[in-house]
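The values are calculated or read from the model by the stated rules, or taken from the named source; none is laboratory data. Every value quoted in this text rests on a predicted model; they were computed, and no experiment measured them. Neighbour counts run over all protein chains shown; Cβ positions are idealised from the backbone, glycine included.
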Amino acid sequence: MPVYSEKRRLSYTSEQLFNLVIAVDKYPEFLPWCVESRITKQEENVFYADLVIGYKMIRERFSSKVTLKNSEHVHVEYLKGPMKYLSNHWRFISEPDGSCIVDFYVEFEFKNRFFQRLMGVFFSEIVRRMVTAFEIRAKELYD
């Protein structure tokens, strides 16, 4: 099962980065391969979202439950789509100088073995590009 984990120190507040990550409806504006996203239901500290990820002729819809814990933690649970399993979290650790350590983690398994093997080859690079897209978006919004 592919796993990717990364920590980055960014010069933005934990609240700014938290707000960036939970703005799921804005993902197609900056996130590679995200062609559609929407929040389908919202409760107090939980919302449900659909994302369509596409590349060339391939399009896959993912449904997930997103749980918010203060402005420090976003946990994503996979509900429906081409995966067998997906676990993802973002943690935002405030630093005394006003910056933030972003702790990102994702682990997944596709139902389709072909996709699983294909993603295993490119997985780290794809996720690295996606995390970098959030960093670039933060610069656009907050610098």
Per the list (1) part of a strand (DSSP E or B); (2) touching an Asp or Glu at 6+ places or on another chain (Cβ under 7 Å); (3) among the hydroxyl-bearing types (Ser, Thr, Tyr), residue check on Ser71 breaks on (1)
Sort through Val66, Val52 and tell me the only one that's among the aliphatic types (A, V, I, L, M), within 30 Å of Ser99 (Cβ to Cβ), assigned to a strand (DSSP E or B) and touching a Phe, Trp or Tyr at 6+ places or on another chain (Cβ under 9 Å). Val66
Quickly run through region 84-101 and pick out the residues that are surrounded by fewer than 18 Cβ atoms within 10 Å (Cβ to Cβ), without any contact (Cβ under 8 Å) to a residue 24 or more places away in the chain and of a type outside the set (S, T, N, Q). His89, Pro96, Asp97
Residue count, region 74-83, condition closer than 16 Å to Asp50 by Cβ and not in a loop (DSSP other than H, G, I, E, B), comes to 6
Among the candidates Val46, Val66, single out the residue that is loosely packed, with under 14 Cβ neighbours inside 10 Å and β-branched (Val, Ile, Thr). Val46
For region 6-49, give me each residue that is in contact with a Phe, Trp or Tyr (Cβ under 6 Å, 6 or more places away or on another chain), modelled with pLDDT of 95 or more and part of a strand (DSSP E or B). Ser37, Ile39, Thr40, Lys41
